[in-house]
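Trainee: There's a structure below that I have some questions on.
No value in this document is a laboratory result; all are computed from the given coordinates. Computed from a predicted model, the values in this text were never measured in an experiment. All Cβ positions, even for glycine, are placed from backbone atoms using ideal geometry, and neighbour counts span all protein chains on display.
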């Protein structure tokens with residue numbers, strides 16, 4: 001347990017969503033629009049993370065963006081002209097949804113002026129979260145879970161009272177894409193992190209437990225980020241900062257229940273779109289019928 005925390009500041013009330021990247025894996029689509037605004041079924045990628053936080057009863061969110069991404073702010077703002085147009089045309093369903101998005105949560109925005117890594121982006125939230133634990137949701141990841149993924153993590157945090165990260169089982173290729181932990185099992189789904197390494201590959205991986213895009217951090221992560229050296233690209237990686245944090249306090253991992261889609265790459269994006277559409281009553285049967293007609297050429 002973290003000796004710096006007490007019961008008074010255990011509740012997670014704020015979330016940080018880093019969304020400042022260039023989206024290079026989706027070029028040319030992201031040349032003039034944020035990757036986070038690409039549609040998955042019928043809503044932008046960023047909305048899935050915001051709604052997950054809201055469903056987990058988090059009422060304050062800081063979205064870290066960068067130049068050219070003001071459309072994310074516009075999306076979560078009220079649009080009087082559009083609302084008036086929809087009302088006049090009698091499009092009540094669309095009007096209700098547009099109003100709902102504008103009233104989802106108290107959203108704040110800050111810009112990361114240089115692409116200095118995920119660790120650096122999270123450090124920009126220090127004055128926003130203060131001396132309190134907080135959650136981080138990476139919008140590349142869509143979690144389809146019976147209980148929202150970040151809510152699962154918050155429940156585990158309340159038990160362990162220490163920084164905790166979401167884990168998932170990965171294959172050999174996954175060890176090249178994600179941070180991998182050296183685990184010490186605590187319970188069925190909770191593991192103490194003894195060490196971790198960023199994208200080690202199958203030969204050097206400690207386990208098959210990969211670090212995915214959800215975190216709950218104690219405020220000491222900010223000092224760990226400050227003391228973390230940039231990598232060869234000049235970026236501060238959050239995996240390296242967590243590794244540094246291990247020198248002063250325990251960190252845990254939680255093996256989440258549900259399905260996760262890596263919508264930050266093209267194949268994962270397609271998988272998320274198809275899978276989530278097939279769960280929708282308004283798309284399911286038509287999409288199933290269409291897929292039966294698709295001929296795949298060798």
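Trainee: Express the relative contact order of region 49-104 as a whole percentage, based on alpha carbon pairs under 8 Å and six or more residues apart in sequence.
Mentor: Taking the mean separation of contacting Cα pairs over the length of region 49-104, I get 39 percent.
Trainee: Run the quick spin-label model on residue 51 and residue 127: label points 7 Å from Cα toward the beta carbon, then report their separation in nm to one decimal.
Mentor: Distance between label points: 3.3 nm.
Trainee: In degrees between 0 and 90, to the nearest 10, how far off the longest principal axis of the chain does helix 92-102 point, with axes built from Cα atoms?
Mentor: 30
Trainee: Reported to two decimal places, what Rg/Rh ratio describes region 134-191 when computed on Cα atoms with Rh from the Kirkwood expression?
Mentor: 0.95
Trainee: Across bins of 10 angstrom width beginning at 0, how are the C-alpha pair distances of region 163-218 distributed, in whole percent?
Mentor: 27, 57, 16, 0
Trainee: I've got another one for you. On the Cα set of region 204-298, report Rg and Dmax in Å, please.
Mentor: My reading of the Cα-based Rg and Dmax gives 20.1, 58 Å.
Trainee: Extending each Cα 7 Å along its Cβ direction at residue 284 and residue 231, get the distance between those two points in nm, one decimal.
Mentor: Placing both labels 7 Å along Cα→Cβ, they lie 4.1 nm apart.
Trainee: Suppose we keep just the DSSP beta bridges with both residues in the chain; what percent of those would be antiparallel, to 5? Walk me through the intermediate numbers first.
Mentor: Numbers: 27 of 45 bridges.
For the chain, the DSSP antiparallel bridge percentage is about 60.
Trainee: Taking the convex hull of the Cα atoms, report for region 88-175 its projected area averaged over all directions, in nm². Write out the running numbers ahead of the final one.
Mentor: Values: hull surface 40.6 nm².
Averaged projected hull area, Cα only: 10.1 nm².
Trainee: Report the calculated FRET efficiency for residue 43 and residue 194 (r = Cβ-Cβ distance, R0 = 51 Å), to the nearest 0.05. Display every interim value, and only then the final one.
Mentor: On the way: r = 39 Å, r/R0 = 0.77.
In this case the efficiency is close to 0.85.
Trainee: What number, in percent, do you get for the relative contact order of the chain if the mean sequence gap of Cα pairs under 8 Å and at least 6 apart is divided by its residue count?
Mentor: 22
Trainee: What is the helix-to-structure angle for 266-277, meaning the angle in degrees between its Cα long axis and the longest Cα principal axis of the chain, kept from 0 to 90 and rounded to the nearest 10?
Mentor: 60
Trainee: So, one more: Compute the distance from the alpha-carbon center of region 63-92 to that of region 174-231, in whole Å.
Mentor: 37
Trainee: Taking the highest mean first, how do the peptides 119-130, 186-197 order by number of other beta carbon atoms within 10 angstrom per residue?
Mentor: So the order, starting with the most tightly packed, is 119-130, 186-197.
Trainee: Using the per-residue mean of other Cβ atoms lying within 10 Å as a proxy for protection, in what order, highest first, do the peptides 73-83, 138-148 fall?
Mentor: By packing density, highest mean first, the sequence is 138-148, 73-83.
Trainee: Separate question: For the pair residue 186 and residue 115, how long in nm is the line joining their label points, each one 7 Å along Cα→Cβ?
Mentor: 3.6
Trainee: Find how many whole Å separate the alpha carbon centroid of region 122-160 from the alpha carbon centroid of region 249-298.
Mentor: Between the Cα centre of region 249-298 and that of region 122-160, the gap is 23 Å.
Trainee: Assuming 0.36 nm per residue, please report the length gained on full extension of the stretch residue 265 to residue 292 beyond their Cα-Cα distance.
Mentor: That works out to 7.2 nm of additional length.
Trainee: Helix 45-55 versus the longest principal axis of the chain: what is the Cα-based angle in degrees, 0 to 90, to the nearest 10?
Mentor: 70
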